[in-house]
Amino acid sequence: MTQLDARQARTRYLILLALRWLPSGMLLPVLTLLPLERGLTLSELGLAAAAQGLVVFLLELPTGGFSDALGRRPVMVASGLVSLAGCGLIFVADSFAVFALAFGVQGLYRALDSGPLESWYVDTVQARDPDADISTGLSRGGTVTGIAVGVGALVAGGLVALDPLSSVEALAVPVLVAAVLRAVAVAATISLLVEARPRSGWPALTAAVREAPGVIGGSLRVVRASVVLQGLILIEVAWGFGATAYESLTPVRLAEVVDDAERAGAIMGPAAAAAWFASAAGAALAPRLARRIGITATAAVTRVAQGVFVATMGLSLGAAGIVVAFIACYVIQGASSPMHMTLVHREVTEEHRVTIVSISSMVFQPAAALGLIALTAVGESTSLATAMVLGGVILAAAAAFYLPAYRAERRQAP
């Protein structure tokens with residue numbers, strides 16, 4: 001087939017991106033409530049879900065080599081099929097072992113899915129014009145992602161509320177629909193993702209896997225040489241640990257307050273949708289604040305604010321108060337993330353940019369896994385309110401690690 005032009009590539013990229021994130025949005029409101037409904041304890045849920053983060057941590061770099069060696073299209077198709085299998089396992093899971101396996105399979109999907117679609121878009125656009133502007137497409141991709149996740153969560157909440165399938169429990173209906181949508185995404189990938197690039201095959205793949213430890217070691221040496229990067233990486237660790245408080249425990253906290261898991265699932269659908277739409281708004285507002293107080297200060301202030309809102313969810317504010325604080329967390333996340341990544345990119349050159357960003361992602365995943373294990377254990381042994389407050393304190397305290405970046409920014413200021 002003829003090489004796609006920039007406009008065609010962008011259109012296909014946005015379509016595939018929407019189809020990729022819509023099923024994820026549908027799983028968002030029910031993925032913690034369904035295991036609890038089927039008999040898992042809170043600590044068992046934490047241990048099972050931690051499998052996803054650990055698998056991503058172990059396989060992120062090797063699967064990147066897989067994509068580089070065999071091409072973007074086969075990896076995208078493989079990731080979709082793996083996710084479809086994960087949805088199937090979640091739908092039928094009724095024990096700790098099966099749920100842990102399901103989360104592990106979803107972790108494999110996340111590792112395979114990390115990067116190939118965006119890389120395909122950049123490869124395709126720059127194949128015709130190496131100097132082509134890709135920022136517009138990537139920016140629109142962020143907007144499409146937020147909308148797709150929001151719509152998916154909204155539909156999931158509606159499905160739980162309506163319970164249209166009498167033979168399937170209400171919380172499992174969004175999982176079934178997400179699996180169908182994932183199958184549609186795989187078919188669309190096969191049809192739309194046209195790739196014209198040489199493939200170096202399995203030898204390059206095995207070489208990439210062997211070289212992964214060296215890549216990680218080189219990145220760690222870069223981090224060791226920069227106090228600023230060390231602080232930013234530590235923030236990623238604290239962020240991963242504390243983020244589980246609002247990403248995973250909010251539905252459980254809401255179910256505790258309303259005393260009904262299905263009602264909580266129905267509420268979490270529109271709440272998660274609103275949160276993702278609010279995240280896009282936060283990202284749009286962040287540059288204005290940064291122009292007033294600086295990028296580092298904006299990152300630090302928003303991190304503290306996020307911790308405060310997470311801790312607020314642990315207070316007895318009723319269902320409405322939890323939902324408002326949850327949405328506020330995502331407004332802050334939308335504002336904080338681009339500022340944080342701007343600081344990371346300031347500290348690295350092109351030679352190390354991808355590996356340093358990968359290290360940031362890699363430390364986030366095991367930290368999130370450990371956070372889920374620790375906070376669910378605290379929630380079970382004391383109370384969910386205590387776990388939420390602890391997560392909020394850790395998020396807010398991480399702002400102190402921005403101090404080296406703040407000093408560097410002041411030194412560079414005119």
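The values are calculated or read from the model by the stated rules, or taken from the named source; none is laboratory data. Everything numeric in this text was worked out from a predicted model, so none of it was measured. FYI the Cβ positions are ideal-geometry reconstructions off the backbone, even for glycines, and counts take in every protein chain you see. These area figures cover heavy atoms from the full protein model, side chains too; ligands, DNA and RNA do not enter into them. Shrake-Rupley method; radii C 1.70, N 1.55, O 1.52, S 1.80 Å.
Things to note:
- With both labels modelled 7 Å from their Cα along Cα-to-Cβ, the Val168 to Val92 distance reads 1.5 nm.
- Of the accessible area of the range 280-347, computed with a 1.4 Å probe over protein heavy atoms only, carbon and sulfur atoms account for 70 percent.
- Take the Cα of Ala183, go 7 Å toward its beta carbon, and the backbone nitrogen atoms of the range 83-100 under 13 Å from that spot belong to 84-85, 87-88.
- In this structure the range 262-305 gives 43 Å² per residue of accessible area when probed at 1.4 Å with all protein chains present.
- When only the Cβ of Lys, Arg, Asp and Glu is charged (+1, +1, -1, -1), the dipole of the chain relative to its Cα centre reaches about 1160 debye.
- Tail fraction, Cα-Cα pairs, the chain, threshold 35 Å, whole percent: 26
- Sulfur and carbon atoms: percent of accessible area, the range 1-130 [1.4 Å]: 63
- Point-to-point label distance, Leu234-Ala281, nm (Cα→Cβ direction, 7 Å offset): 3.5
- Gain in span if fully extended, Leu58 to Arg411, counting 0.36 nm per residue against the direct Cα distance: 123.3 nm
- Length gained when the stretch Asp260-Thr386 is fully extended (0.36 nm per residue, less Cα-Cα span): 43.3 nm
- Gain in span if fully extended, Arg291 to Asp123, counting 0.36 nm per residue against the direct Cα distance: 57.2 nm
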